[in-house]
Amino acid sequence: MCYNIFKRIFKIIYDNKLALANKSLRINTLAKLRLQKILANSGIDSRRNCEELIRDGKVRVNRRVVHELPAFADPDTDVITVHGKRIESTAKVYFLLNKPRGVICTNKDPHGRKKAVDFVPCSQRIFCVGRLDADTTGAIILTNDSELVNRLTHPKYKIAKTYEVVLKGRLDTKAIEKIQKGVWLSDGKTEPAKIRFIKRGPDENVLEVTITQGMNRQVRRIFSRFGLKVKRLKRTQIGSLTLKGVGPGNFKPLTKKQINYLIKPLVKRKPAVKKSSVKKEN
């Protein structure tokens, strides 16, 4: 009996200590940031690659090697090093580039092709927010703010993107109605799109298409679904950001107002895309 009483008392003491330790850990963790996020925000690399650096034991916090995730640190008080070099906080920069044709949106390319980042001279490591394929031209944001990249590329933040499409072939009313409602692609159904004709012709149409998703080559695949080929594709607008005054291959820094607009997706937006009115053909 005495043994059982002692066992119960010991269990109560142990559980209380464990609860206090967990509470302390939660408080400490809440006051800090994920280590990979700190590294990415400092321009070391993408968040995913920073996770690999941590797992490979290349990162130290206060001289101690960190090789397991999740890991947390305070960028203001902790000494964080990567490959033995201390990281420093960097100012956030934001640019809008009018990407030319033939330019890719990755930071590294084994084939030596021209990259979007090559057009924006910046001492800090910047990267593209999302991607445009090599044949697509137009608006793309470049920044060193990895948190903003994660927000703008996340499916739940519906930032409208507008494209000018030169289409080979005739787009009939039924196809338009289906695109406006959403069509099934191999990786899921598209959100409703807005379509406005700029120029109609028997063999070629120029139209404006607005979407709120970021599926791979989405606009080209939508029209390919109806047997139509996109001859030229240009992104003309991202949300309220336009290419006004920015020629092909040129860029401009974003204003504080424009940056604040991009940061707003912290609050989930409702898509502003409405169905366009298209007269039915006889």
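Taken over the range 220-234, the criterion of being in contact with a Gly (Cβ under 9 Å, 6 or more places away or on another chain), under 11 Å from residue 204 (Cβ atoms) and not in a loop (DSSP other than H, G, I, E, B) is satisfied by 229 alone.
Here's the yes/no breakdown for (1) under 30 Å from residue 235 (Cβ atoms); (2) surrounded by 13 or more Cβ atoms within 10 Å (Cβ to Cβ):
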{"site": "58", "(1), (2)": "no, yes"}
{"site": "62", "(1), (2)": "no, no"}
{"site": "68", "(1), (2)": "no, no"}
{"site": "84", "(1), (2)": "no, no"}
{"site": "92", "(1), (2)": "yes, yes"}
{"site": "100", "(1), (2)": "yes, yes"}
{"site": "109", "(1), (2)": "yes, no"}
{"site": "124", "(1), (2)": "yes, no"}
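With the requirement that a residue be part of a helix (DSSP H, G or I) and acidic (Asp, Glu), what does the range 144-192 give you? 147, 177, listed by residue number. Take residue 195 and tell me if it is assigned to a strand (DSSP E or B), assigned by TED's automatic domain parsing to the domain that holds residue 131, hydrophobic (A, V, I, L, M, F, W, C) and buried (at least 16 other Cβ atoms within 10 Å of the Cβ). So residue 195 passes the test.
Flag set for residue 118, criterion: modelled with pLDDT of 90 or more, outside any loop (DSSP other than H, G, I, E, B) and more than 19 Å from the chain's Cα centre (by Cα). Residue 126 meets all of the listed conditions (1) more than 18 Å from the chain's Cα centre (by Cα); (2) among the hydrophobic types (A, V, I, L, M, F, W, C); (3) assigned by TED's automatic domain parsing to the domain that holds residue 252; (4) more than 23 Å from residue 218 (Cβ to Cβ) but one, namely (1).
What pairs come up if the first residue lies in the range 72-87 and is at positive phi and touching a residue at least 24 places away in the same chain (Cβ under 8 Å), the second is surrounded by fewer than 10 Cβ atoms within 10 Å (Cβ to Cβ) and part of a loop (DSSP other than H, G, I, E, B), and their beta carbons are under 9 Å apart, counting only those six or more places apart or on different chains? Sorted first by the residue in the range 72-87, then by its partner, the list stays empty.
The set of residues in the range 137-183 being of a type in the set (Phe, Trp, Tyr) and modelled with pLDDT under 95 consists of 157 alone. Restricting attention to the range 151-176, the residues that are surrounded by 15 or more Cβ atoms within 10 Å (Cβ to Cβ), of a type outside the set (Gly, Ala, Ser) and in contact (Cβ under 8 Å) with a residue 60 or more places away in the chain total 13.
For the range 194-232, the set of residues classified as modelled with pLDDT of 90 or more, in contact with a helix residue (DSSP H, G or I) (Cβ under 8 Å, 6 or more places away or on another chain) and within 18 Å of residue 154 (Cα to Cα) consists of 211 only. Would you confirm, using the coordinates I've provided, whether residue 207 is part of a loop (DSSP other than H, G, I, E, B), on the phi < 0 side of the Ramachandran plot and either outside the structural domain of residue 47 (by TED's automatic domain parsing) or among the β-branched types (Val, Ile, Thr) (or both)? When the stated conditions are applied, residue 207 does not pass them.
The values are calculated or read from the model by the stated rules, or taken from the named source; none is laboratory data. Treat the numbers as computed from the prediction; the structure is a model and nothing was measured. In this analysis, Cβ positions are derived from the backbone assuming ideal geometry, glycine residues included, and neighbour counts consider all displayed protein chains.
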